[in-house]
Each structure stands twice: as C-alpha cells, then as structure tokens.
Amino acid sequence: MVRQLSTAVDIHLDASDSTYRTGAAVRGHVVVTVNPYDAPFAHNGITLQAVGSVQLALGDSSVGILEALFSSIKPVPLLDHNLALAPAGRLPEGITRIPFEFPLTSASSSSPLFDTFHGANIQIMYAVSAEVVRPVLRGGSLSTGLCEFLVETAVDVDGSRAVSGAAPLHFEISGEGQEFGSGGGTLHAQGLDIRGCLDKSACFIEQPLTGHITVEKCPARVLSIDLELCRIEGCTTAEGSNVSETSVVQRTQVADGNASLGLEIPIHVVLPRLYCCPSIQARTFSVSFLVRVMVVFASSVPGAANPVAVRTLPIRLVRGDLTE
C-alpha cells in the first residue's frame, strides 16, 4: 500500500541565500501542497507573520549575574509584520503558490534594525512564519513554524570613513607580564621579542583581517602562532548595571612549527558570517570584538604545560559597500 503524503505548507523566499539589506522588500511565496484525499482543502484564511528581535540567550558558561539579568532584560523588538494573504476558502489538489511582500523596516523608530548575529549570550534573529487557519475539528491549523532569514544593515558611512582613515595596529609580544608557568624558564631568563601589525584597527566585515607577524628573538621553540577572534557581548539593565562576557568565535592558525627568526609571516583571517557582525553600541546591549595573538612554545620542563604568550588587540568591524 502506498502511503499518501499529508497536506503541507512551506515558505520559499525569492533571495537564493535568504539574505536581505535593510530598507529592501522581502518577497517570496507561501506554498501549500494539497493531498488528493484532502481536496478541496477548506480553510479559514492564510496569514504570514514576520518578526525580529534582540534576545539574551544564556550560554553554557553564563552563570551568576547573567542568570539574574535574564529575568530583568526584556527582548528588544525589531520587526513585526502581520499579513493576511488569503481569505477563507478552498484550495484545489496540488500546489498553490501565494505571493507575499513586506518592507524590511524597523518596528520602532527608537530601535533600528541590526545585522543577524548568533552570539553566545545575545541573539539577533529575523524570521517569517505562515499559517493556514483551520478549525480544530478539521485537523487544526497548518503552520511552517519560524523560518529564519538573514539581515544585513545598510552601509555605515561614518564607519566607512573610519576604516579608510584607520592606521595600522602595531603590536609587540615580550616576556613582560606573561604567565609562562614552570615550562617557560628560558623565556623568562633570555627574553622574547615578537612584533607584528594588523593592517587596520577598523575593517570591513566583508573583508579578511590581514597583517603580518615576525619572531625577532625567541630562546624557546615555537610550536604554533594562532589568532583568536573574540566577541564581547554586553548588556545594561534598567537600573544601569552593566555586564559583559567574552567568548571565542574562531581560532585561526597562522604558523605551524618553529618560525625562522626575522621571517615575516602573513596574517589572513576570514570573518565568519552569523557569528560576528558590525560592532554595535545600543542603549541596552553592545557587541564588540578583539583579536588575541597567541604564540605557543615548547615547554622547557618535561611534563609541564606548554607556555603561551598572548597579546590582545581591540578591533572595530564595519558594514561597507564593496560593490564600487
């Protein structure tokens, strides 16, 4: 016996990558596939809802004060559209496509739209859902559930100027202030000199983070040189209390094995979509970023942990226009 598929409803967005710029129109179709045994398919109307919000989503490492804040910080609504796509009626057997369109504009003048962002504690998400309304006695309503789409903000003109005028970010790593532990005896005794540069302290989120690093003096064997991209997520309560948490977005290995002294090693890090966004400083929350340059050395003491030298560099991410 061949099992018949049940009647289903789905959403098809016109954008192949489900990505839209603020101010644009989001277009697509609600697709209802009616099973022959259900035809004609009676319903009480077909609706579409588009929502967007900023929410505090506690990560596994969030304890104490962030848990307390969870109950006091409300989600920030960004987008809210409700559309009636079709009145009550009947749908024939087969596929019915119902077009929809709504503007990607903020639900409140006091809260602009932000880029889609999936952080450890802050989530900025946009989604659409469609529902074919039916009485409970006829099997109940059919819904797609929330279908996420991605939002990119308009070009930041002031931020673009800041990127154009940003100076190179030079840095040095020495033994001073480093916690090498018991395995870093030679590093403490004979000194360390590693120098490098990020091409800009502010960069476009669409472009890679570039620069170079050079090991000038190093008494220990280098095992690897890595760059950690970290996000700093902060929130503010109604009482004015501020709290932030730093988490690692990605770690990129720049060099593997012992680096030759004086050799300029290039830095090229592609920024991951969704897990980073243009730097944000809003009334109730903030998202900023930093880079940790990490140099791992071979331990001078058998069995001891490998010593690590770290240099932290703040960076600003900006939405740019790369079509020109």
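Miscellaneous remarks
- Across the stretch 22-45, the qualifying residues are those that are farther than 28 Å from D80 by Cβ and touching a strand residue (DSSP E or B) at 6+ places or on another chain (Cβ under 7 Å), and the one among them that is surrounded by the fewest Cβ atoms within 10 Å (Cβ to Cβ) is P40.
- Residue in the stretch 54-72 that is surrounded by 15 or more Cβ atoms within 10 Å (Cβ to Cβ), at pLDDT 90 or above and more than 30 Å from F204 (Cα to Cα) present: no
- Breaking point among (1) assigned by TED's automatic domain parsing to the domain that holds L271; (2) in a loop (DSSP other than H, G, I, E, B), for A162: (2)
- Boolean, R311 is basic (K, R), in the same structural domain as L169 (by TED's automatic domain parsing), surrounded by 15 or more Cβ atoms within 10 Å (Cβ to Cβ) and touching a Ser or Thr at 6+ places or on another chain (Cβ under 9 Å): no
- Selection count where residues are surrounded by 15 or more Cβ atoms within 10 Å (Cβ to Cβ), of a type outside the set (S, T, Y) and either in contact with a Gly (Cβ under 9 Å, 6 or more places away or on another chain) or not in a strand (DSSP E or B) (or both), scope the stretch 90-145: 19
- Filter result (without any contact (Cβ under 8 Å) to a residue 60 or more places away in the chain and within 25 Å of V155 (Cβ to Cβ)) within the stretch 81-105: H81
- Scanning the stretch 173-211 for residues that are farther than 30 Å from T153 by Cα, at pLDDT 90 or above and not aliphatic (A, V, I, L, M) gives D193, R195, G196.
The values are calculated or read from the model by the stated rules, or taken from the named source; none is laboratory data. This is a predicted model, so every value here is computed, not measured. Backbone-built Cβ (ideal geometry, glycine too); neighbour counts: all protein chains shown.
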